[in-house]
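S.K.: I am attaching a structure below and will ask some questions about it afterwards.
Derivation of every value follows stated rules applied to the coordinates shown; laboratory data play no part. Please read all numbers here as calculations on a predicted model, not as lab measurements. A quick note on method: Cβ atoms are made from the backbone with ideal geometry, for glycine too, and the neighbour counts reach across all protein chains shown.
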Amino acid sequence: MGGLTRQQIEQRITVQGRQLDLAGADLSGLDLSGLDLSGANLAGANMAQVALRDTQLRDVNLNQANLQHANVSEANLSGAMLKGANLSGANLSEAYLLRANLTHADLAAANLAKAKLDEADLTAANLEHANLDRAYLVRTNLSQASLSQANLAGANLKNANLAGANLANTILTEAFLESASLNGANLHQSKLTGATFTKAIYDNETRWPAGFDPGAAGAVIKKKKWLGLFG
């Protein structure tokens, strides 16, 4: 159990509101479900195994916070800062993470089923073994992210940036990748049955499963531009 109680945090919210500062605090194991923590500073906080179901966390600062195995299902983290946060094994099913910053975050084995991650930044994030079944990832930045062995069945990745991402052994059945960027992405041994690649962009560095024809699937190769002697 953490160093603060739910009652103490509720009292601080009453006094400080969106200026709530709990940076570095030990909140591990607390049940904070249903609270409004929007705008709070929780950078570096220990929130392992915290219950945050249906909690308002809009624009909160959770950079470098520890949320291992936390229950964040149905919570609203739109616009939240989660750079370098540890969310491994966390339950984020049906959570709102619109435009959230998750660069370099650890989401290994996290449950993100039906989560809304549209326009979020997941550059270089670790999503290995994560469950993103039917997740919304429209215009999401997943460049250089590791999604090896993740489940993206039925996910919406329209206009997503997957440049340099590792999608080896990933489940992408029925996923929607229209106009997605796959330059340099590794899809070796990924499952693509029923996936949509219309107008998706790839290059010579993109790795596909054996026997898969990206051109026949509607993807478009990006050819290198050769500049003349004088440009």
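S.K.: Test of understanding: given the chain, find the longest segment containing no trypsin sites (Lys or Arg not before Pro) that are in a DSSP loop and have at most 11 other Cβ atoms within 10 Å.
M.R.: Here the longest segment lacking exposed loop sites spans 1-222.
S.K.: I've got another one for you. Tell me, rounded to the nearest percent, the portion of alpha carbon pairs in segment 142-184 spaced more than 15 Å apart.
M.R.: 37 percent
S.K.: Still on this model: Which links in Lys83/Lys223; Lys158/Lys222; Lys83/Lys199; Lys114/Lys199; Lys83/Lys222 stretch past 26 Å when you go from one Cα to the other?
M.R.: Violating the 26 Å Cα-Cα cut-off are Lys83/Lys223; Lys83/Lys199; Lys83/Lys222.
S.K.: Roughly how big is segment 102-195's charge dipole about its Cα centre, with Cβ charges of +1 (Lys, Arg) and -1 (Asp, Glu), in debye to the nearest 20?
M.R.: 160 debye
S.K.: Compute the Cα gyration tensor for segment 148-218, then decide on rounded, prolate or oblate, letting a ≥ b ≥ c be the square roots of its eigenvalues: rounded whenever a/c is under 1.5, prolate when a/b is larger than b/c in the other cases, and oblate in all that remain.
M.R.: It comes out rounded by the Cα gyration axes.
S.K.: Taking the convex hull of the alpha carbon atoms in segment 105-228, what volume per residue do you get, in Å³? Can you show the working numbers first?
M.R.: On the way: hull volume 10.8 nm³, N = 124.
Residue-normalised Cα hull volume stands at 87 Å³.
S.K.: Given the C-alpha centroids of segment 140-213 and segment 27-57, what is the distance between them in whole angstrom?
M.R.: The distance from the Cα centre of segment 140-213 to that of segment 27-57 comes to 33 Å.
S.K.: Here's a follow-up. Taking the Cα-to-Cβ direction at Thr193 and at Lys223 and moving 7 Å from each Cα, how far apart do the two end points lie in nm?
M.R.: Here the answer is 3.6 nm between the modelled labels.
S.K.: Positive end of the dipole of the chain, charges at C-beta (+1 Lys, Arg; -1 Asp, Glu), about the Cα centre: which of Leu147, Gln68, Ala109 has its Cα farthest in that direction?
M.R.: Value computed over the given set: Leu147.
S.K.: Which one, Ser78, Gln16, His188, is farthest towards the positive end of the dipole of the chain when Lys and Arg carry +1 and Asp and Glu -1 on their Cβ?
M.R.: His188
S.K.: Next up: Please state, rounded to one decimal and in Å, the Kirkwood hydrodynamic radius that segment 1-44 gives when every pair of distinct Cα atoms enters the mean of 1/r.
M.R.: Value: 10.6 Å, from the Cα pair sum.
S.K.: Once you mark the chymotrypsin sites (Phe, Trp or Tyr not before Pro) that are in a DSSP loop and have at most 10 other Cβ atoms within 10 Å, what is the longest gap between them in the chain?
M.R.: My reading of the result: 1-225 is the longest stretch.
S.K.: To continue, here is another question. If the cut-off is a Cα-Cα distance under 13 Å, which aspartates and glutamates reach Lys191, setting aside same-chain residues fewer than 8 apart in sequence?
M.R.: Straight-line reach from Lys191, under 13 Å: Glu174.
S.K.: Also, I was wondering about something else. Between Asp31 and Glu205, what is 0.36 nm times their sequence separation minus the Cα-Cα distance? Round to one decimal in nm.
M.R.: 58.0 nm
S.K.: Would segment 76-154 count as rounded, prolate or oblate if I go by the C-alpha gyration tensor, calling it rounded below 1.5 in a/c and otherwise prolate when a/b exceeds b/c, oblate otherwise? Write out the running numbers ahead of the final one.
M.R.: Values: a/c = 1.26, a/b = 1.08, b/c = 1.17.
Rounded, because the longest to shortest axis ratio a/c is under 1.5.
S.K.: At 222 nm, what value in deg cm²/dmol follows for the chain if DSSP H runs of at least 4 each add -39500 (n - 2.57) and the sum is divided by all its residues, to the nearest 500?
M.R.: Working: 1 runs with 11 residues, N = 231.
Computed ellipticity for the chain at 222 nm equals -1500 deg cm²/dmol.
S.K.: How large is Rg/Rh for segment 36-89, to two decimals, with Cα atoms and a Kirkwood Rh?
M.R.: Using only Cα positions, Rg/Rh for segment 36-89 is 0.91.
S.K.: Over 23 Å, how big is the tail of the calculated P(r) for the chain, in percent of all Cα pairs?
M.R.: Values: 12394 of 26565 pairs.
The share of Cα pairs beyond 23 Å in the chain comes to 47 percent.
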